[in-house]
Amino acid sequence: MAENHAQFSIRTVKSEEEVEEIESELENANGVMEADIDAESGAADVRFDLELIGEAQIKGAVQDMGYEVS
């Protein structure tokens, strides 16, 4: 297992409910171990297994949910 962290910003997240939805979606993805998002700032910290999923795939999943990622 090649554990890695991705840190990025979700600019369009507006509520705790949206944060919970994104965290749940990411944590259900194969290879994601933990997703922590701050509702106020949109800062995301995702711990994942690089052998199973990459940072671009994680960001893409968030974008596919309709959020802007930087």
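Residue-wise test of (1) surrounded by 14 or more Cβ atoms within 10 Å (Cβ to Cβ); (2) farther than 13 Å from Asn4 by Cβ; (3) among the aliphatic types (A, V, I, L, M).
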{"site": "Ser24", "(1), (2), (3)": "no, yes, no"}
{"site": "Asn30", "(1), (2), (3)": "no, yes, no"}
{"site": "Glu40", "(1), (2), (3)": "no, yes, no"}
{"site": "Asp45", "(1), (2), (3)": "no, no, no"}
{"site": "Lys59", "(1), (2), (3)": "yes, yes, no"}
{"site": "Gln63", "(1), (2), (3)": "no, yes, no"}
{"site": "Gly66", "(1), (2), (3)": "no, yes, no"}
Enumeration of residues in region 1-38 that are assigned to a helix (DSSP H, G or I), within 11 Å of the chain's Cα centre (by Cα) and closer than 14 Å to Tyr67 by Cα = Val19, Glu20, Glu21, Ile22, Glu23, Glu25, Leu26
Hits in region 39-70 (condition: at negative phi, in contact (Cβ under 8 Å) with a residue 24 or more places away in the chain and part of a loop (DSSP other than H, G, I, E, B)) = Ala39, Ser41, Leu50, Glu51, Ile53, Met65, Tyr67, Glu68, Ser70
Any idea which of Glu34, Glu16 is out of contact with any strand residue (DSSP E or B) (no Cβ under 6 Å at 6 or more places or on another chain) and either exposed (fewer than 15 other Cβ atoms within 10 Å of the Cβ) or modelled with pLDDT under 95 (or both)?
-> Glu16
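The values are calculated or read from the model by the stated rules, or taken from the named source; none is laboratory data. Given the structure is predicted, the values throughout are model-derived calculations rather than measurements. So basically every Cβ, Gly included, is an ideal-geometry build from the backbone, and we count neighbours across all protein chains shown.
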